Amino acid sequence: MSQPILIGITGNIGSGKTTFCNLLEEHGFKVIYADEIAQQQLNQPDTLKTLIKRWGKGIVKNGQPQRDKIAEIVFNNKSELDFLNSIVHPKTLSALQQIVDNSTEKYLFFEIPLLFEAGLELCFDYIILIRAPREVRINRLLQKGKETREQIEARINAQIDDQDKIPLCDLVIDNSNDLTELNNQLNSLLSTLKDIKPKEKIPFSL
């Protein structure tokens, strides 16, 4: 059985990746959200047991990880973030590979915010960058009311800048305007989907 064409969708926070992916789903395409897969791995009992051993029982409530408390521990603490990633990332990559191996889709789309940061660019046949100006992204995130401007800017500064990602991508989608314009760019992509050829890729996980 031939594997699906793997298309990675990435972009910095506030760029509108999820909106774009939701539109893809409306067109009947399968989208895998890496953050959801990672959350599933975080929820595994063996993962929680390892994290409790390091950080204490306070990070779990009613058998569920307290993401805000874990975020407090790893934010601005690289060694703790590296520890968390060393536990969750391999399991997430294994789960992603399992999805690919079991898929009967012609095209599989993956929303991976930190695609380049995680060094996954060689796992895809085609990579799409969703981008918008920094101030547009900040204002979008401020409207959600969950974070201060200072917190948002700290998160943006921790990601690789769009300008460095553009040369590494096959397609750049400008999401600085409205939904109609985003839809037009999506339709343009779909009209050329058949032209995407498989590349020599590496698996997410062996």
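Data table
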{"item": "Only listed residue being more than 23 Å from residue 22 (Cα to Cα) and outside the structural domain of residue 65 (by TED's automatic domain parsing), chosen from 181, 147, 111", "result": "147"}
{"item": "Residue check for residue 203: out of contact with any strand residue (DSSP E or B) (no Cβ under 6 Å at 6 or more places or on another chain), outside the structural domain of residue 12 (by TED's automatic domain parsing), in contact (Cβ under 8 Å) with a residue 40 or more places away in the chain and not hydrophobic (A, V, I, L, M, F, W, C)", "result": "yes"}
{"item": "Condition met for residue 109 (among the aromatic types (Phe, Trp, Tyr), over 30 Å from residue 77 (Cα atoms) and either modelled with pLDDT under 95 or in contact with a helix residue (DSSP H, G or I) (Cβ under 6 Å, 6 or more places away or on another chain) (or both))", "result": "yes"}
{"item": "Members of the range 165-182 found to be surrounded by fewer than 14 Cβ atoms within 10 Å (Cβ to Cβ) and touching a residue at least 24 places away in the same chain (Cβ under 8 Å), listed by number", "result": "166, 168, 179"}
{"item": "Evaluation of residue 79 against (1) part of a helix (DSSP H, G or I); (2) in contact (Cβ under 8 Å) with a residue 24 or more places away in the chain; (3) not aromatic (Phe, Trp, Tyr) (one fails), failing number", "result": "(2)"}
{"item": "Number of the condition not met by residue 89 [criteria: (1) under 23 Å from residue 108 (Cα atoms); (2) surrounded by 14 or more Cβ atoms within 10 Å (Cβ to Cβ); (3) touching a strand residue (DSSP E or B) at 6+ places or on another chain (Cβ under 9 Å)]", "result": "(3)"}
{"item": "The one condition in (1) buried (at least 16 other Cβ atoms within 10 Å of the Cβ); (2) farther than 22 Å from residue 146 by Cα that residue 65 fails to fulfil", "result": "(2)"}
{"item": "Residue in the range 79-93 that is at pLDDT below 95 and over 20 Å from residue 35 (Cβ atoms) present", "result": "yes"}
{"item": "Members of the range 68-81 found to be loosely packed, with under 12 Cβ neighbours inside 10 Å and within 18 Å of the chain's Cα centre (by Cα), listed by number", "result": "71"}
{"item": "Odd one out for residue 23, checked against (1) hydrophobic (A, V, I, L, M, F, W, C); (2) outside the structural domain of residue 163 (by TED's automatic domain parsing); (3) under 21 Å from residue 140 (Cβ atoms)", "result": "(2)"}
{"item": "Hits in the range 1-46 - residues which are more than 11 Å from the chain's Cα centre (by Cα) and in a loop (DSSP other than H, G, I, E, B)", "result": "1, 2, 3, 4, 14, 15, 16, 27, 28, 29, 43, 44"}
{"item": "Count - residues of the range 47-61 that are surrounded by fewer than 14 Cβ atoms within 10 Å (Cβ to Cβ) and either assigned to a helix (DSSP H, G or I) or of a type in the set (S, T, N, Q) (or both)", "result": "5"}
{"item": "Within the range 137-160, tally of residues that are among the acidic types (Asp, Glu) and free of Cβ contacts under 8 Å to residues at least 12 places away in the same chain", "result": "2"}
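The values are calculated or read from the model by the stated rules, or taken from the named source; none is laboratory data. Predicted, not measured: the structure shown is a model, and the values here were computed from it. So basically every Cβ, Gly included, is an ideal-geometry build from the backbone, and we count neighbours across all protein chains shown.
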